[in-house]
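Down below is the structure, laid out as structure tokens.
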Amino acid sequence: MGYLVAALAGLFALNAVPHLTKGMTGRRHKVPWASPASAPVNVLWGSANALAAVWLGVWAADLGVRPGIALTVGLLAGTAFGVYLASVWQGDPVARGE
């Protein structure tokens, strides 16, 4: 269970990056309920993802997963998710911010 929680933490952590960067640079980006959403909404959504990642990381540690292992599992899961999203959205001009 702890490894699954660590993987979810990685998914949320890496998902926060595009929302925060696009939002903070004033660009619109997709969120689950709007396509595209405004820059401030993306900053809020990215911050919520980052907070969820922290909470899940703490929970994984409470479940006995060592921090180095949790970070590795989270990074691998987040990277796999990122590669998947890149392949899905590479042809979508909204996702690319165009």
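Here Gly91, Gly64, Gly68 are screened, and the one residue that is exposed (fewer than 14 other Cβ atoms within 10 Å of the Cβ), in contact (Cβ under 8 Å) with a residue 60 or more places away in the chain, over 18 Å from Val17 (Cα atoms) and not aliphatic (A, V, I, L, M) is Gly64. Taking segment 1-42 as the range and being buried (at least 17 other Cβ atoms within 10 Å of the Cβ) and among the β-branched types (Val, Ile, Thr) as the test, the residues that pass are Val5, Val31, Val41. Filtering segment 28-40 to residues that are under 16 Å from the mean Cα position of the chain (by Cα) and in contact (Cβ under 8 Å) with a residue 24 or more places away in the chain leaves His29, Lys30. When Leu44, Leu71, Leu76, Leu51 are screened for being within 13 Å of Phe12 (Cβ to Cβ), hydrophobic (A, V, I, L, M, F, W, C), at pLDDT 90 or above and part of a helix (DSSP H, G or I), only Leu51 passes. Determine the pairs where a residue that is without any contact (Cβ under 8 Å) to a residue 60 or more places away in the chain, located within segment 1-27, has a partner that is assigned to a helix (DSSP H, G or I) and among the aromatic types (Phe, Trp, Tyr) with Cβ atoms under 6 Å apart, the partner being 6 or more residues away or on another chain. Once the first residue is without any contact (Cβ under 8 Å) to a residue 60 or more places away in the chain and sits in segment 1-27, its partners that are assigned to a helix (DSSP H, G or I) and among the aromatic types (Phe, Trp, Tyr) give His19/Trp45.
The values are calculated or read from the model by the stated rules, or taken from the named source; none is laboratory data. Source: prediction; values computed, not measured. Note that each Cβ is placed from the backbone with ideal geometry, even for glycine, and that neighbours are counted across all protein chains shown.
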